[in-house]
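Asker: Okay, handing you the structure first.
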Amino acid sequence: MSPVIPRRGLTLSVLVLAAVFASVWRLDLIAAFAEGQDSLGELFGFLQRFAAPDTSPAFLSKVGQGAIETLAISLIGTLLAVLAGVALALPASGRFGRLGQIVSRFMLNLLRSVPELVWATLTVLAAGLGPFAGTLALALHTTGVLGRLYAEALENAPPAPEAALRGAGSGAVAAFLYGTLPAVAPQWVAYGLYRWEMNIRMAAILGFVGAGGLGAQLYYALSLFHEARAATLIVAMLLLSLLVDALSGWLRRRLVVA
Amino acid sequence: MISLAALSVAYAGGRRALDGVDLSIAPGERVALIGPSGAGKTTLLRVMGANLRPTGGQLQLDGLDPWALNARQLQGLRGRVGKMYQAPPIPPRQRVITAVLAGRLGQWPLWRAVASLIYPLDIDGARAALAPFDLAERLFDRCDQLSGGQLQRVALARLFYQQPQLVLADEPVSALDPTLARSVAVALNEDAKRRGATLIASLHAVELALSEFSRVIGLREGRIVFDRPAAQLGVADIEALYAGVPYASAPEAHNPDAPSARPRLTRCA
Amino acid sequence: MSASQHDPAARGRATALVLAVCVLWPLLQIAQFEPAVLFDAGNLATLGGFLGTFLPPATDTFFLGFLASATLDTLAIATIGIALAMLIAVPLALLSTRSLSIGRLDGRLRPVSEAIRVCARGLTLVLRGVPELVWALVFVRIFGLGPAAGVAALAITYGGMLAKVYAEILESSDLSPTRALLAAGSGRLAALGYGLLPVASDELVSYTVYRWECAVRASVVMGFVGAGGLGQLMDQSMKMLNGGEACSILITFLLLVMAADALSAWLRRQVR
């Protein structure tokens, strides 16, 4: 071992520590948290009210509706993204020439780089308040993520089966369907399911900017200091994401691993 | 059926894979191509299958120059040519029936190809094509449940289902054990004989070439060394063809499944 | 011909299709899936008007000063968030990993330490189970608008995530040096320092740096609920339909994410 590496590690550690202290100073955090400490009693009251979720039947049925709406947003948004992701992944893997590749890659990067919540503020303008705006926002961001993964799967797929079919006179579309699709479809499904698991969590949040679902209810509950209702809603979100994890695991076993 | 005149293929670096080949093959002939690795067998088969454009000389398939045809006509021509490879180009997760039916994609309209993916349209045809290989029972199994030998026979069934007038087989038996290799070579020849189709196969196993095929062409360094009926070939011819290289060198290991790097799945994408 | 003339998979496929339609149709209704809305003249005008003001991006000095300060805030939130998350994660990971278990050596399970492990794992699960944005919303109620809420939310969720991954890394590393030390009678901390950390430290650091990169994105997004930084600025501009400012902020965000990517990749290379 050369003595250079530990010295470099030391320099890096010092730099990182300096960054942390600079950050604390920058945000004036000590004052902020001290202020929070003043309201420590308030915090405890807040948490105490959290500990007793609202379980009145009327509220629960509203939560149930919100949960189904959230499920719908996540599922439809992911499905739209799968379709759009495939449509953009085909040119992005270079199947329609260099120009198509550059254009579609740029679009995928743009879609992926803008967070769902930013998309949601735009789709709320385009589609009005409500679950459809949330669905679109999820679909836009997820298209960018899935499109890139799908294009990578296409590029890594063995080319021989499709080339052999083309060589035997098959049309381009049929050769793709019989030669390459069987190799990439399981991966595409797996990525779609994985994104669905993430999107159910995101769909529960998009309501914060007016895009429907459980998030909208949680935003109101917290704004109006209804901690008991907020607690119920948070538990509902957790249960919903566990349910989707289980569903997607089941689908994965049936469609991908089998 | 096929005629080549002064045909050559040169690669970008200037290396000539084929160098002034004159050849004519009549309908119904069964030709074996032999020669050491790198002799140009695969290139010759690719040229005859209209998959590789020659850089010089003339090529005629069925009296046509494939490279003067428009895209549609070229596709039609390729549909009448069946091909076999050392590694069957079949996606592992495809079902046997789909893999067999894919043999007729060149003849089917697109709607039929798509419909057949949803529900296989010619179950009887696929079953009949598989029957000679004792694989009819595996019709609805997935290809990754088959052994390598079974998979090569599925590729053969696909070829029989296509019923091409010209069969081009590139090392079809090199990856199989000797017994299986012989049975596949016999099946290819029987089928060609029965339908009057032309068969051209490259082989590493010289004894198979001599015993099963009617005509044997020896290639070395892109040129034809001999071209004779199998019965007229002697040991001296074979030894001259392979002089200086291992007699029946093992085929180069080529791995069709390149390691597919899975993109990393992370929670913040 | 033999018995199975029909495709045996057809029935399953048809059932799946019917089931999918039966599930998706009502869900489409619930999600109010009406693409026609997008072409509604009023909506088009609002969106068009907003997007129209994106160009040119706002570049007046006053606003750029704001932008720079918000960007620094975002970076600071991510950095402290990760630092606090590590403080939470390290003890949790050590408590929940089996690699440092002495009882495991001789196969005797000690109920107390097993119970501690289960509790630590449960706490980890709760911390990361609730999305950071929800935590942020809760903390905004406690600390008020501003970076403190973002830091607290990041510390808690990322603390849970780091604890889980740290524990996994510790368990998947080469355990033979650690086992040898424990078997020779050394204490848990000594076994950690001399047996486990030397084999696992690269991966631990590398994952932490990677998480920092995620934290930069997350801190921007949390700004939308009032947790300070770039996100809060972007939320304000968007609510006021100030396209020029929104555009500048968006560009800054994209550049920041790219820079964070590059920095984190560079740091991870230094560690390897």
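Readers should treat all values here as calculations from the given coordinates under stated rules, not as data from a laboratory. The structure presented is a predicted model; accordingly, all values stated were derived computationally and were not measured. All Cβ positions, even for glycine, are placed from backbone atoms using ideal geometry, and neighbour counts span all protein chains on display.
Asker: Would you mind giving the mean number of other chain beta-carbons within 10 Å of the Cβ of each residue in C:131-143, as a whole number?
Answerer: On the way: counts 9, 1, 9, 14, 1, 2, 9, 8, 2, 1, 8, 7, 7.
For peptide C:131-143, the averaged partner shielding equals 6.
Asker: Taking springs between alpha-carbon atoms closer than 10 angstrom, which of A:Leu242, A:Leu88, A:Leu224 fluctuates most in the Gaussian network model of chain A?
Answerer: A:Leu224
Asker: Counting only helical runs of four or more DSSP H residues, what would the 222 nm mean residue ellipticity of chain A come to if each run contributes -39,500 (n - 2.57) and the total is spread over all its residues? Present the calculation step by step, with values, prior to reporting the outcome.
Answerer: Working: 12 runs with 210 residues, N = 258.
Roughly -27500 deg cm²/dmol at 222 nm, from the helical runs in chain A.
Asker: If you don't mind, another one. If you average the alpha carbon positions of the range B:153-185 and of the range B:25-57, how far apart do those two centres end up, in angstrom?
Answerer: 17 Å
Asker: Taking the dipole about the Cα centre of the protein assembly as shown, with the C-beta of Lys and Arg at +1 and of Asp and Glu at -1, give me whichever of C:Ile156, A:Thr78, B:Ser214 is farthest to the positive side.
Answerer: B:Ser214
Asker: Nearest 5 is fine: what % of DSSP beta bridges in the protein assembly as shown come out antiparallel, could you say?
Answerer: Numbers: 19 of 36 bridges.
Percentage antiparallel, nearest 5: 55.
Asker: Mind putting a number on the dipole of the range B:87-163 about its Cα centre? Charges go on the C-beta only, +1 for Lys and Arg and -1 for Asp and Glu, and I need it in Debye to the nearest 20.
Answerer: Dipole about the Cα centre, nearest 20: 180 debye.
Asker: Restricting things to alpha carbons, find the Rg to Rh ratio for the protein assembly as shown using the Kirkwood radius for Rh.
Answerer: Values: Rg = 33.2 Å, Rh = 31.2 Å.
Here the Rg-to-Rh quotient is 1.07.
Asker: So, one more: Looking at chain A, which longest stretch skips every one of the chymotrypsin sites (Phe, Trp or Tyr not before Pro) that is in a DSSP loop with at most 15 other Cβ atoms within 10 Å, leaving the sites themselves out?
Answerer: Numbers: sites that count: A:Phe96, A:Phe225.
The longest uninterrupted stretch comes out as A:97-224.
Asker: If one takes the longest principal axis of the Cα atoms in chain C, at what angle in degrees, from 0 to 90 and to the nearest 10, does the Cα axis of helix C:111-129 lie?
Answerer: Helix C:111-129 sits at roughly 10 degrees to that axis.
Asker: Once phi is turned into θ = phi - 60°, what whole-Hz ³J(HN,Hα) does the Karplus curve with 6.51, -1.76 and 1.60 give for every residue of the range C:16-30, x standing for Gly and Pro?
Answerer: So the J values, rounded to whole Hz, are 4, 4, 4, 4, 4, 4, 4, 7, 6, 4, x, 5, 4, 4, 5.
Asker: What dipole magnitude, in Debye to the nearest 20, does the range C:58-271 give about its Cα centre under +1 on Lys/Arg Cβ and -1 on Asp/Glu Cβ? Let's see the in-between values first.
Answerer: Numbers: 16 positive and 14 negative charges, 170 e Å.
Charge dipole of the range C:58-271: 820 debye, to the nearest 20.
Asker: Percent relative contact order of the range A:55-257, based on C-alpha pairs within less than 8 angstrom and at least six residues apart? All intermediate terms of the calculation are to be shown ahead of the outcome.
Answerer: Working: 282 pairs, mean separation 54.6, N = 203.
About 27 percent, as a whole number.
Asker: Right, something else. Once you treat every alpha carbon in the range C:38-106 as an equal point and sum by Debye, what is log10 I(q)/I(0) at q = 0.15, 0.17, 0.26, 0.29 Å⁻¹?
Answerer: Cα-only, vacuum Debye calculation for the range C:38-106: -0.77, -0.83, -1.05, -1.12.
Asker: Karplus couplings for the range C:131-148 from phi (6.51 cos²θ - 1.76 cosθ + 1.60, θ = phi - 60°), rounded to Hz, Gly and Pro as x?
Answerer: Along the range C:131-148, the couplings run x, 4, 5, 5, 4, 4, 4, 5, 6, 4, 5, 8, 8, x, 4, x, x, 4 Hz.
Asker: For B:Met84, enumerate residues with amide H under 5 Å from its amide H, sequence gap 5+ or separate chain, H modeled in the peptide plane.
Answerer: Result for B:Met84 returns B:Leu168, B:Ala169, B:Asp170.
Asker: Compute the separation of the alpha-carbon centres of the range A:43-57 and the range B:2-21 and state it in Å as a whole number.
Answerer: When both Cα centres are located, 83 Å separates them.
Asker: Of A:Leu224, A:Gly130, A:Leu177, which is farthest along the charge dipole of the range A:113-258 in the positive direction, counting Lys and Arg as +1 and Asp and Glu as -1 at C-beta?
Answerer: In the range A:113-258, that residue is A:Leu177.
Asker: Ignoring everything except DSSP H segments at least 4 long, calculate the 222 nm mean residue ellipticity for chain B; use -39,500 (n - 2.57) per segment, divide by total residues, nearest 500. The partial results should precede the final answer.
Answerer: Numbers: 9 runs with 88 residues, N = 269.
Computed mean residue ellipticity for chain B: -9500 deg cm²/dmol.
Asker: Moving to a separate point now. Which one, B:Ser3, B:Ala231, B:Ser147, projects farthest toward the positive side of the charge dipole computed for chain B from Cβ point charges (K/R +1, D/E -1)?
Answerer: Of the listed residues, the answer is B:Ser147.
Asker: Take chain B, connect every pair of alpha-carbon atoms lying under 10 Å apart with a spring to form a Gaussian network, then pick out the residue of B:Ser202, B:Ser174, B:Ser211 with the largest mean-square fluctuation.
Answerer: The residue that fluctuates most here is B:Ser211.
Asker: Can I ask one more? Looking only at GluC sites (Glu not before Pro) in DSSP loops with at most 14 other Cβ atoms within 10 Å, what is the longest site-free stretch of chain B? Each step should come with its number before you reach the end.
Answerer: Values: sites that count: B:Glu221, B:Glu252.
Result, exposed sites excluded: B:1-220.
Asker: Using the Karplus curve 6.51 cos²θ - 1.76 cosθ + 1.60 with θ = phi - 60°, work out ³J(HN,Hα) for each residue of the range A:234-243 in order, rounded to whole Hz, and write x for Gly and Pro.
Answerer: Residue by residue, the range A:234-243 yields 5, 4, 4, 4, 4, 4, 4, 6, 5, 4 Hz.
Asker: How would C:Met161, A:Met237 line up from fewest to most surrounding beta-carbon atoms within 10 angstrom?
Answerer: Going from least to most buried by this count: C:Met161, A:Met237.
Asker: I'd like the mean, over residues of A:177-187, of how many other protein chain beta carbons sit within 10 Å of each residue's own Cβ.
Answerer: On the way: counts 8, 12, 6, 1, 4, 11, 6, 3, 2, 1, 3.
Counting other chains' Cβ atoms within 10 Å and averaging over A:177-187 gives 5.
Asker: So for B:Asp141, C:Asp174, fewest C-beta neighbours within 10 Å to most, what's the order? All intermediate terms of the calculation are to be shown ahead of the outcome.
Answerer: On the way: B:Asp141 15, C:Asp174 12.
The most exposed by this proxy come first: C:Asp174, B:Asp141.
Asker: Using the crude model of +1 on Lys and Arg Cβ and -1 on Asp and Glu Cβ, and no other charge, please compute the dipole size for the protein assembly as shown relative to its Cα centre, in debye to 20.
Answerer: Working: 66 positive and 54 negative charges, 160 e Å.
That gives a dipole near 760 debye.
Asker: Let me have the 222 nm mean residue ellipticity of chain C computed from DSSP H runs of 4+ only, each contributing -39500 (n - 2.57), with the sum over all residues rounded to the nearest 500. Walk me through the numbers before you get to the answer.
Answerer: On the way: 11 runs with 204 residues, N = 272.
Calculated mean residue ellipticity at 222 nm is -25500 deg cm²/dmol.
Asker: With a 10 Å cut-off between alpha carbons and a GNM built on chain A, which of A:Glu155, A:Glu116, A:Glu197 moves the most?
Answerer: Most flexible of the set in this elastic network: A:Glu155.
Asker: What order do you get for C:25-36, B:41-52 when each peptide is scored by the mean count of other beta carbon atoms within 10 Å, highest first?
Answerer: Values: C:25-36: 15.4, B:41-52: 22.0.
The peptides rank, most packed first, as B:41-52, C:25-36.
Asker: Another question, if that's okay. Taking each residue in A:154-167, count the Cβ atoms of any other chain within 10 Å of its Cβ, then average. What number comes out? Display every interim value, and only then the final one.
Answerer: Values: counts 0, 2, 6, 4, 9, 3, 10, 9, 2, 3, 10, 8, 5, 12.
Per residue, the number of nearby Cβ atoms from other chains is 6 on average.
Asker: What is the helix-to-structure angle for A:4-27, meaning the angle in degrees between its Cα long axis and the longest Cα principal axis of chain A, kept from 0 to 90 and rounded to the nearest 10?
Answerer: 50 degrees
Asker: Relative to the longest principal axis of the C-alpha atoms of chain C, give the angle of the C-alpha long axis of helix C:61-96, reported between 0 and 90° and rounded to the nearest 10°.
Answerer: With rounding to tens, the tilt is 30 degrees.
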